[in-house]
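Beneath this line is the structure, given in structure tokens, with notes to follow.
The values are calculated or read from the model by the stated rules, or taken from the named source; none is laboratory data. Quantities reported herein were computed from a predicted structural model and do not represent experimental measurements. Don't worry about glycine lacking a Cβ; one is built from the backbone with ideal geometry, like all the others, and counts go over all protein chains shown.
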Amino acid sequence: MIEITDVHKRYRTTHGSKWVLQGVTLRIPQKSRVALIGANGAGKSTLLRLVGGIDQPNLGSIVRHCRVSWPLGLTGGFQGSLSGRQNTKFVCRIHGIEGALADKVAFVREFSELEDAFDDPVKTYSSGMRSRLAFAMSLAFDFDTYLVDELTAVGDAAFRHKSQKAFEDLAGRAGLVMVSHSESTLKNFCQSAVWLHQGQAHWFDAVEDALRAYRDSIPA
């Protein structure tokens, strides 16, 4: 379970500060598949980063009673001067993996299809290569709940098919918290939903009910 209690989050800009989340309280059960729904700027990606521990709330607390991933496919955490192999080893050690280190590295190299580029500095990678490395690295670890922010498949048709199949397998055995602008994707992978509106979070047991509330909130 993930417990979110009275969470407030704001960002300061040159124009002042804006509260994105104001008093959000939620309990996300383990193994549940939850869609985050809301307008642009409603705080979907912000809440996802907070749940993943990438960012911290200004007020309130988030307690994770399960293993939670970083946002799937996140490429911003790579050290550019290190190779794909070295970045993979570094992340493995952060997660306490030593004995199975070689197997994890082999999986990431094979799944990403980077071949010899796996040993080149990540700063030399194209955006597509970085995304493939990030996606493969996300799949290499067993989390109880995976965070997904606008997951997009990269690479040729064969790689996209492989990625889609791997993600479907993952969704069948673990919990998800997902952000996507595709309603069909949310309906396909998620059971329940959280609608973020005016800094507040509203829980719905069915994705369609949350989508209806979101649509009704849009001015005609």
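Take the stretch 132-152 and flag every residue that is surrounded by fewer than 21 Cβ atoms within 10 Å (Cβ to Cβ) and among the hydroxyl-bearing types (Ser, Thr, Tyr). The answer is Thr152, and nothing else. In the stretch 169-181, the condition of being in contact (Cβ under 8 Å) with a residue 40 or more places away in the chain, of a type outside the set (Ser, Thr, Tyr) and surrounded by fewer than 16 Cβ atoms within 10 Å (Cβ to Cβ) is met by no residue. Inside the stretch 86-105, can you point out the residues that are out of contact with any Lys or Arg (no Cβ under 7 Å at 6 or more places or on another chain), free of Cβ contacts under 8 Å to residues at least 40 places away in the same chain and under 22 Å from Pro71 (Cα atoms)? Gln86, Lys89, Phe90, Arg93, Ile94, Gly96, Lys104, listed by residue number.
In the list Asp116, Asp120, which residue meets the criterion of being exposed (fewer than 12 other Cβ atoms within 10 Å of the Cβ), out of contact with any Pro (no Cβ under 8 Å at 6 or more places or on another chain), at pLDDT 90 or above and under 25 Å from Leu82 (Cβ atoms)? Break it down stepwise before answering.
On the way: Asp120 fails: exposed (fewer than 12 other Cβ atoms within 10 Å of the Cβ).
After applying the criteria, what remains is Asp116.
Taken together, the residues in the stretch 1-28 that are touching a residue at least 40 places away in the same chain (Cβ under 8 Å) and over 18 Å from Asp149 (Cα atoms) amount to 15.
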